[in-house]
Each structure stands twice: as C-alpha cells, then as structure tokens.
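The values are calculated or read from the model by the stated rules, or taken from the named source; none is laboratory data. Here the structure is a predicted model, which is why all the values come from computation and not from measurement. Virtual Cβ from ideal backbone geometry, glycine too; neighbours counted across all protein chains shown.
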Amino acid sequence: MTTISRRDWLLTDRPASRRQARLGQIYRTWLTFRGNWLAMVGLAIVLALIIVALFANVIAPYDPVIGGDLRTARFLPPLTGNHLMGTDDLARDIFSRIVHGSRLTLMVVVLVAVIATPIGLLVGTSAGYFGGWTDTILMRITDIFLAFPRLILALAFVAALGPGIENAIIAIAITSWPPYARLARAETLTIRDSDYINAARLQGASSARILWYHVTPLCLSSVIIRVTLDMAGIILTAAGLGFLGLGAQPPQPEWGAMIASGRRFLIDQWWVATMPGIAIFVVSLGFNLLGDGLRDVLDPKARK
C-alpha cells in the first residue's frame, strides 16, 4: 500500500470496518492538531521532558548530588568550563541537577494524574448518573475540597503525612480530583437519559457496566483536556511544596527545592535560583500549550 493510498484509506468517508473508522478518526484528529503550531511546540516540550527524564544518566555530565571542589568549582557562572548553567553553593552542576530533577517532575505529574483522574471520574459519573442523595453527598464533599486553595490544602495534608516526595504526591493527588469530578458529573448529566443509555438499560446492563462502558468513555476527552491543562498547576504545587521544604528532601534535585536553596544568593549568583525557575516555566508552558491544542481537537463544544 503506497503512502497516497494509505492516506486515502484513512480519510475515506465510507470505512469498511470499525478499525478503519477508528484509525481514520485518529488521523483526522492528528491533522487538526498538527495545524496548530503552538500545540506542536507544547508537544515538543513535553516530549523533550520525557526524553530528558528517561535518559538523564546519559545527558547529565555530572553527578546531581555530589559536588566538585568547593575551593575552585563553587558558584561558577553559566558557560564556565563544562558547566552549561553554572554551579551552586556546593559546587554541584546545575544543569545535571535540572536534568535529573526532570525525573521527579515527570514522576509527580504521572502519578498525580494516575491517582486523581480515576477518583474524579468515579465520583463525577456516579453522582451524575444516580442523582438524588448520592449526587448531593458526593458533590458536597467535592465542594469542601474546592473551598480551599490547592496549595493550602496540600500543605495541610503534607503536614499531617510528613515531608517527602511520596507524601507530596499523595497530597497533590488528594487535592486535584474535585475539578475532574465536577466536569465528569456535568458530562454525565447530559447523556444519562440519552437513547443509547436507555437501550443499554433495556438490554439488562447493570449500572456499573453502563458507567464503565458507556458513560466514562464519553467523559474521557473532556477530563483528559482538563488534566493536561492542570499539569502546570500540579508542577507549581509540587515546586511550592519543595520550596517550603515539605516536598522532595535534600539532596534530591527537585526544582522547587533548588530555588529555595538558591534564593539566598539571588543578587550575586542569580543563576542558582533562576535556572530551575526557567525549567519550571518552560515545562508549565509546554503543558498549557498542549492542553489548549487538545481542547481544540477533542472538545466538540470548542469546534467551530
């Protein structure tokens, strides 16, 4: 099959099989997404983060924890010798620490998404589908979580659980699910009385089966968009906890903790705190651009 015939096969208006229809829809979505250059920039940043995190040991030229000679390698400015971003107060290479810190950032983002998204989907779809007292109780619990700023609530949970990157991930996940629940509930309310849901009920499908196989897939696109847009907030919350000493603990190369240790030298050795700050800014911008692009292609209400 040539490239031209394969493209025609994907873009045909009369697919011969379900597989062809699904692949065609994916290809059309990709073509629309590819036409948004800002979304492509965001995708490139996110892919770069993943690649850097996976190959940190290869990319980083120095050990992220062990520093050099304090007499000669302390507070070296950027582009000095082999130190692309300079060194910190313990003569550690800042570039190597940022590269290894990408692993912690990616771990936080992935684990929070894996924990918070199913919780939000379960709570939101259950509240929207069953209604009544179930809806009232679940949404009032959701409102309680939404009443507090995310960082303040995360600080409270970390203070109760204790400092550490694992507890920080749990705290951020606990505070991240309510927006997904409200979004899933709103989507469920619009489809719970539709014809195909009623047809599934008439065929004897249980409520659990309807929620899992019929309602949840229809809510996924909106929730995925919201999760992607929330990644920047998750990164900033994790950095905030690290900055306050409640997230990753020294000597782990976490970006927020690096800013906290470098703020003492901000006037004379500006690069110590500025470089991890730039890393946070670039990655957060990448997730925001990617989320905007996904919203344009996945959200039916956003299409013109």
A careful count of residues in the stretch 255-264 that are surrounded by 24 or more Cβ atoms within 10 Å (Cβ to Cβ) and under 16 Å from Met85 (Cα atoms) gives 2
Going by the conditions given, is Gly247 surrounded by 24 or more Cβ atoms within 10 Å (Cβ to Cβ) and modelled with pLDDT under 90? yes
Going through the stretch 188-204 in order, the residues found to be part of a helix (DSSP H, G or I) and closer than 20 Å to Met139 by Cα are Thr188, Leu189, Thr190, Ile191
Considering each residue of the stretch 10-43, count those that are of a type outside the set (S, T, N, Q) and in contact (Cβ under 8 Å) with a residue 12 or more places away in the chain, and give that number. 13
In the set Leu31, Leu11, which member is within 26 Å of the chain's Cα centre (by Cα) and of a type outside the set (Asp, Glu)? Leu31
Filter result for Ile267 (without any contact (Cβ under 8 Å) to a residue 24 or more places away in the chain, more than 17 Å from the chain's Cα centre (by Cα) and within 19 Å of Leu155 (Cβ to Cβ)): no
Consider Leu294 against the criteria (1) assigned to a helix (DSSP H, G or I); (2) surrounded by fewer than 21 Cβ atoms within 10 Å (Cβ to Cβ): it satisfies all of them except one. Which criterion is unmet? (2)
What is the residue count in the stretch 77-92 for residues that are surrounded by 15 or more Cβ atoms within 10 Å (Cβ to Cβ) and either charged (D, E, K, R) or part of a loop (DSSP other than H, G, I, E, B) (or both)? 9
Unique match (being over 23 Å from the mean Cα position of the chain (by Cα), over 17 Å from Pro276 (Cα atoms), outside any helix (DSSP H, G or I) and not β-branched (Val, Ile, Thr)) among Arg74, Arg22: Arg74
So, first residue without any contact (Cβ under 8 Å) to a residue 12 or more places away in the chain and among the basic types (Lys, Arg) in the stretch 183-204, second residue surrounded by 11 or more Cβ atoms within 10 Å (Cβ to Cβ) and in a helix (DSSP H, G or I), Cβ within less than 8 Å, six or more apart or across chains; the pairs are Arg201/Ile210
Tell me, please, whether a residue that is over 21 Å from Ile224 (Cα atoms), without any contact (Cβ under 8 Å) to a residue 60 or more places away in the chain and in contact with a Phe, Trp or Tyr (Cβ under 8 Å, 6 or more places away or on another chain) can be found in the stretch 145-153. yes
Any idea how many residues of the stretch 93-137 are buried (at least 24 other Cβ atoms within 10 Å of the Cβ) and not in a helix (DSSP H, G or I)? 1
Looking at the stretch 44-67 only, could you name the residues that are within 20 Å of Ala257 (Cβ to Cβ) and of a type outside the set (Val, Ile, Thr)? Leu49, Ala53, Ala56, Ala60, Tyr62, Asp63, Pro64, Gly67
Does Ala184 satisfy the criteria of being within 25 Å of Phe287 (Cα to Cα), modelled with pLDDT under 90 and buried (at least 22 other Cβ atoms within 10 Å of the Cβ)? no
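Can you go through Asp93, Asp88, Asp69 and tell me which one is acidic (Asp, Glu) and touching a residue at least 40 places away in the same chain (Cβ under 8 Å)?
Within the list Asp93, Asp88, Asp69, the selection yields Asp88.
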